[in-house]
1. Determine which member of the set 222, 256, 210 is touching a residue at least 12 places away in the same chain (Cβ under 8 Å) and within 15 Å of ligand 2 (Cβ to nearest atom).
2. Those residues that are closer than 16 Å to residue 466 by Cα and either within 16 Å of ligand 2 (Cβ to nearest atom) or without any contact (Cβ under 8 Å) to a residue 12 or more places away in the chain (or both), I need them from region 493-508; list them, please.
3. Give the residues of region 299-325 that are farther than 14 Å from residue 195 by Cβ, in contact with a Leu (Cβ under 9 Å, 6 or more places away or on another chain) and either assigned to a loop (DSSP other than H, G, I, E, B) or within 16 Å of ligand 1 (Cβ to nearest atom) (or both), sorted by residue number.
4. When you look at residue 405, is it closer than 30 Å to residue 479 by Cα, out of contact with any His (no Cβ under 7 Å at 6 or more places or on another chain) and part of a helix (DSSP H, G or I), yes or no?
5. Of everything in region 167-205, what is buried (at least 21 other Cβ atoms within 10 Å of the Cβ), farther than 23 Å from residue 339 by Cβ and over 25 Å from the mean Cα position of the chain (by Cα)? Give them in sequence order.
6. Select from region 530-579 the residues that are part of a strand (DSSP E or B) and among the polar types (S, T, N, Q) and write down the one among them that is surrounded by the most Cβ atoms within 10 Å (Cβ to Cβ).
7. Count, please, the residues in region 83-121 that happen to be within 60 Å of the chain's Cα centre (by Cα), at pLDDT below 80 and not hydroxyl-bearing (Ser, Thr, Tyr).
8. Inspect region 441-450 for any residue being surrounded by fewer than 21 Cβ atoms within 10 Å (Cβ to Cβ), of a type outside the set (Gly, Ala, Ser) and over 30 Å from residue 574 (Cα atoms) and give the result as yes or no.
Amino acid sequence: MKKERRNVRKTNPYYGFLLGILIVLFLNGMVFPRFGKGRIVTTDYGNFISLVDSGRVKDVMIKSNQIFFTALAENGEVRTYQTGEINDPKLVDRLLEAKSPNADGKIAFNEIVPQENSPILNFLLMWVLPGLIFYLIWRQASKSIQNRLGSGGNFMSFGNSGAKIYADADVKTTFADVAGQDEAKDTLREIVDFLHNPRKYTEIGASLPKGALLVGPPGTGKTLIARAVAGEAKVPFFAISGSEFVQMFVGMGAAKVRDLFKQANEKAPCIIFIDEIDAIGKKRDNGFSGNDEREQTLNQLLTEMDGFDGRKGVVILAATNRPETLDKALLRPGRFDRRIQMELPDLEGRKAILRVHLTHVKHEEIDLDIVARATAGSSGAELANMVNEAALRAVRLGRTQVTTADLEESVETVIAGAQKKNKVISADEKKIVAYHEIGHALVAALQTNSAPVHKITIIPRTSGALGYTMQVDEGEQLLMNRDTLFNRIVTFTGGRAAEEVVLHTVTTGASNDIEQATRLARAMITRYGMSDRYDMMGLETVNNAYLGGDTSLTCSGETAADIDREVLRLIQEAHQKARDLISSHLEVMHQAAAYLMERETITGEEFMRILRQAQASQ
Ligand code: ADP
Ligand code: MG
Ligand code: ZN
């Protein structure tokens, strides 16, 4: 069916139409009397009357507001004249009375009624044709949009709201493609079972939740798992992004929602998936700056969700990473009453995700444990990206298989940017960077409760980092105590402390450390209740937990100023501890820094060996 349509587009049928109309109009305008031969002389009405009275006029023809006439000139020639008509009621009498050179002595005169098109033709020209033209142009335009979106395969398009929504009839994704997220899968399995076998549920009188809301940070597989539900249930999958509902014209989004549900009802059992639902589902409370289009769309969605029969087998999934902004009405029972939490993967989850994505690339035996431990806090999307980066690196290095080293390097690429090997760094700067990084590593190693050093490098990265020290936790840490957090701040300050104590200088290299140390110290006081002064009083709230987690203060200005002092005190204490640790281990500092300058990248074990040797010889 598509093919035929495309052919039509090539022949452009309405150009012929346009040409046709032009010709018709042109002919219409050309209707005028062919009266006499030769030149037509224009003259005034007075002259016309005097010619009539003098008996020289032969024929007169009155056409709408013009008069054409022929008269005998002085030299006996017949000439054709033209003059404007004046509303002269006596004209006819004059013409009847006047003499004429004609054989019967009378002027031959008549009036031409302007040629009128038949009313039917007029109607066609005035109303039908323009309509037809607009229709053709509109169809052409919407077709070319559709072609541009063009996608073959198993799509059924529908909708009369202008834009198309597609249902994927044959989703290939299954739960096997989604690693970890076992709780989410368990909840969704019930929905899959319902779609397979609704009778089991309806017989007992149960109706399943109409909607489930997938909530979690970006890249945790919300979109992926929604597709997997459709793939498992083998039902059509209507996927649309919330932002697609928000149209230029008020009412279009609501029409689209109506279309979507109408079509879904016909295709039931099926799944409707609204991705990034926060685009339309925001709270409707911001009085003045209300967005009519969004609100109408949301209202329509609420109405449709209430309206359809939960037993029919239409399940609505939606995803968002800003659940706190959603309108309460969306979350009440009977709408999105199931909430499925998608969390950042833990150690086992990360291993599982790496395993899933490694099945797509050729690889050697890979030490998943080491990679998974180095990627704490990474999302599934980031892990997928790391595997791909590793494969690219293997190709770059002319290998046919991905190795553990490839994967370790790509982890750093995703976290800190690619290596900038050819960036020239002066010997002085290299020395500062080396001492700075060894400072971090030494402070970390000398404290209990802090993660072991995994790697130290002074190869610059595209992110701007001139070097970094990587610490990798042994296992998953779910709870942090005050000492652990304080030791972290000490470690952050270790780089700067090394610059100060060893090189008697301070550089801009510590800017990132300062940021992180401050954020952590603040959180300890305002959110974790770890200061004596404020006890368990909450002083800050987190706004977008899943998107960066920016915070806002909930206390008075006075308290805010006092918090600043408290934060400063904590950081000063940590900084002093770092300086003390470094001052008392200068020998190790020099040895390790020299070793690092020579190698540029050293492992945690190499560093620990130097440290242990120095401690043994003391
Ligand atoms: P979200 O919608 O939560 O932002 P996506 O579902 O779009 O995240 O995930 C992006 C990509 O990340 C997926 O296509 C997949 O390759 C990968 N991914 C994320 N989570 C997982 C997971 N649990 N298992 C396997 N792959 C995952
Ligand atoms: Mg998504
Ligand atoms: Zn640093």
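1. The unique qualifying residue is 222.
2. Listed by number, the residues that qualify are 506, 508.
3. Hits for region 299-325 are 318, 319, 320, 321, 322, 323.
4. Here the answer is no, as residue 405 does not meet what is asked.
5. none
6. 551
7. Looking only at that region, the number is 3.
8. Looking for residues that are surrounded by fewer than 21 Cβ atoms within 10 Å (Cβ to Cβ), of a type outside the set (Gly, Ala, Ser) and over 30 Å from residue 574 (Cα atoms), one finds none in region 441-450, hence no.
The values are calculated or read from the model by the stated rules, or taken from the named source; none is laboratory data. None of these values were measured; they are calculated from a predicted model. Glycine gets a Cβ as well: all are built from the backbone with ideal geometry, and neighbour counts include every protein chain shown.
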